[in-house]
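Remarks on the structure that follows.
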Amino acid sequence: MNRTLDISAAQELITFIAKTNYELAPHGDGLFLNSSEAVAHVNSAEYDPEIPLNVCFDTKQGDCWESASVSFDGSDWHIDDSSMGGKSSKAKGIKDALVAFRLAHDKTCDFYPVELKLTP
């Protein structure tokens, strides 16, 4: 199945990530300043659902952010990282996919993603 991130799924992702300690960025670019900027991006002509957004997170060593691509196939959320040892995960929910992605990494590695935390 084709892994993309249509506008509706992107908006769902933005809403979820806004309530966490993780961040979002367009592929190959810096972090969005806030969720309004992310929503404006996915609603713009420059957004391409074939190039999903990246979820960004701090790592165990601190002060070293990494990222992974997020896509949705209509049933499962996929988190894929081609730069950190090719780790990936999938789950029915965004939170479960992010937690599974973190747990796929070696806890002793300095690049181990920090725990996903939901903010009130």
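Some observations on this one:
- Candidates 91, 104, 100 - the one that is closer than 21 Å to residue 7 by Cα and not polar (S, T, N, Q): 91
- Spans of strands (runs of 3 or more DSSP E) in the stretch 1-78 with at least 1 residues open to solvent by 20 Å² or more (accessible area, probe 1.4 Å) and within 17 Å of residue 117 (Cβ to Cβ): 23-25, 66-72
- A count restricted to the stretch 89-120 and to residues that are of a type in the set (A, V, I, L, M) and exposed (fewer than 12 other Cβ atoms within 10 Å of the Cβ) stands at 1.
- Pairs are defined by a Cβ separation below 9 Å, a sequence spacing of at least 6 or placement on different chains, a first member in the stretch 4-23 that is under 24 Å from residue 63 (Cα atoms), and a second member that is open to solvent by 60 Å² or more (accessible area, probe 1.4 Å) and among the polar types (S, T, N, Q); the pairs so defined are 18/34; 18/119; 19/119; 20/119; 21/119.
The values are calculated or read from the model by the stated rules, or taken from the named source; none is laboratory data. Everything numeric here is computed off the predicted structure, so don't read it as measured data. Please note: Cβ atoms are built from the backbone with ideal geometry, for glycine as well, and neighbour counts cover all protein chains shown. Note: accessible area is taken over every heavy atom of the protein model, side chains too, but ligands, DNA and RNA are not part of it. Shrake-Rupley method; radii C 1.70, N 1.55, O 1.52, S 1.80 Å.
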